[in-house]
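Taking it in order: structure first as structure tokens, then the write-up.
The values are calculated or read from the model by the stated rules, or taken from the named source; none is laboratory data. Quick caveat, the model's predicted, so the values are computed rather than measured. Reconstructed Cβ throughout: ideal geometry from the backbone, glycine too, with neighbour counts over all protein chains shown. Ligands, DNA and RNA are stripped out before the accessible areas are found, and what is left, the full protein with its side chains, is counted by its heavy atoms. Shrake-Rupley method; radii C 1.70, N 1.55, O 1.52, S 1.80 Å.
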Amino acid sequence: MTERFDCHHCNESLYGKKYILKEENPHCVACFEELYANTCEECGTPIGCDCKDLSYKDRHWHEGCFHCSRCGSSLVDKPFAAKEEQLLCTDCYSNEYSSKCQECKKTIMPGTRKMEYKGSSWHETCFTCQRCQQPIGTKSFIPKENQNFCVPCYEKQYALQCPITTGGVTYRDQPWHRECFVCTACKKQLSGQRFTARDEFPYCLTCFCDLYAKKCAGCTNPISGLGGTKYISFEERQWHNDCFNCKKCSLSLVGRGFLTERDDILCPDCGKDI
């Protein structure tokens with residue numbers, strides 16, 4: 001007598017039929033799809049055995065349904081971004097969410113280096129000195145009248161000497177008139193005020209923080225580091241101690257373990273499902 005070979009669920013014979021093993025138990029195609037097939041996020045129908053199942057963060061799509069939510073172009077085997085549960089091709093994501101270069105007005109594509117200053121952004125190659133037209137990059141620069149200058153060019157074009165020998169203010173063993181000893185950026189008088197210096201140029205604390213201080217990834221305000229300010233640093237990002245909190249539950253993560261999801265930081269409890 002021939003041994004039976006039946007579907008584990010409906011008991012229909014599988015001889016001469018296509019079947020799928022699930023935990024070493026054979027299932028006919030219909031039962032397997034009814035019991036185990038994932039539902040497509042786009043069309044809402046099961047993803048059958050004869051279809052490719054594309055998944056992202058526990059969500060599933062038919063190959064033909066895996067497309068950009070804006071332009072409809074296929075995302076199969078292409079880079080994409082997720083925004084508010086929607087999948088976007090890199091072009092649509094950049095056009096809608098990426099910043100524009102202050103100089104060339106073109107989109108700054110995700111993953112490319114950009115320079116930021118006072119809410120404006122530039123491509124790295126577009127952030128140049130007004131005088132010599134060379135890229136400033138990560139070097140020191142001085143803004144003047146909505147233009148940016150590298151330090152050598154600023155010094156050649158604008159730096160002044162104070163021809164006095166007594167009185168006034170002494171800075172780096174050089175005498176200055178009180179009214180001439182001003183912040184390099186905003187020109188506020190520094191006599192009697194707290195200030196700091198960069199490349200031997202004096203700055204008020206506000207301008208120094210705006211120009212050179214690292215920005216907090218939480219509140220985006222400068223981290224001055226002056227007066228013993230404490231901050232957290234992780235993978236080229238920094239936070240004020242008070243801003244280093246879980247994105248979901250706001251629990252302080254200072255001195256605790258944490259997880260990352262894209263640009264967010266999460267406590268272990270909130271991040272256990274990612």
Worksheet item: To the nearest 10 Å², what's residue 232's accessible area with a 1.4 Å probe?
Response: 40 Å²
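Let's test the formula: R0 of 45 Å, r as the Cβ-Cβ distance of residue 235 and residue 178. What FRET efficiency results, to the nearest 0.05? The partial results should precede the final answer.
On the way: r = 45 Å, r/R0 = 1.00.
For residue 235 and residue 178, the calculated efficiency is 0.50.
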Item to complete: With label points built 7 Å along Cα→Cβ from the Cα atoms of residue 251 and residue 22, find their separation and express it in nm.
Response: 3.6 nm
Item to complete: Please work out, to two decimal places, the log10 of the ratio I(q)/I(0) at q = 0.12, 0.15, 0.27 Å⁻¹ from a Debye calculation in which every Cα of region 13-97 carries one identical scatterer.
Response: -0.46, -0.62, -1.30
Worksheet entry | Two-site label geometry, residue 35 and residue 78: point separation in nm, points 7 Å out along Cα→Cβ | 3.8 nm
Item to complete: Subtract the Cα-Cα distance of residue 215 and residue 100 from 0.36 nm times their separation in residues, and report this length gain in nm to one decimal.
Response: 39.5 nm
Item to complete: Please pull out the direction-averaged projected area of region 208-261, using the convex hull of its alpha-carbon atoms, in nm² to one decimal place.
Response: 4.1 nm²
Worksheet item: Counting only the heavy atoms of the protein chains, how much of residue 67 is accessible to a 1.4 Å probe, in Å² to the nearest 10?
Response: 50 Å²
Worksheet item: Mind listing P(r) for region 182-273? All alpha-carbon pairs, 5 Å bins, whole percents.
Response: 3, 13, 21, 17, 13, 11, 8, 7, 5, 2, 1, 0
Worksheet item: Mind listing the phi-derived Karplus ³J(HN,Hα) values for region 262-267, rounded to whole Hz, using 6.51, -1.76 and 1.60 with θ = phi - 60°, and x for any glycine or proline?
Response: 6, 8, 9, 10, 9, 6
Worksheet item: Based on DSSP H runs of at least 4 residues, each adding -39500 (n - 2.57), what is the mean residue ellipticity at 222 nm of the chain after dividing by all its residues, to the nearest 500 deg cm²/dmol?
Response: -3500 deg cm²/dmol
Practice prompt. May I have the pair-distance distribution P(r) for the chain, computed from all Cα-Cα distances with 5 Å bins from 0 and rounded to whole percent?
Written response: 1, 5, 8, 9, 10, 10, 10, 9, 7, 6, 5, 4, 4, 3, 2, 2, 2, 1, 1, 1, 0, 0, 0, 0
Worksheet, complete the sentence: Which residues qualify? For residue 234, with a placed amide H closer than 5 Å and at least 5 residues away or on another chain, they are none
Worksheet entry | Radius of gyration and maximum dimension Dmax of region 58-100, Cα, Å | 10.4, 34
Discussion item. What value in Å³ per residue do you get for the convex hull of the alpha-carbon atoms in region 43-187?
Written reply: 154 Å³
Fill in: Principal semi-axes in Å for region 70-142 [√(5λ), Cα gyration tensor, largest first]
31, 11, 10
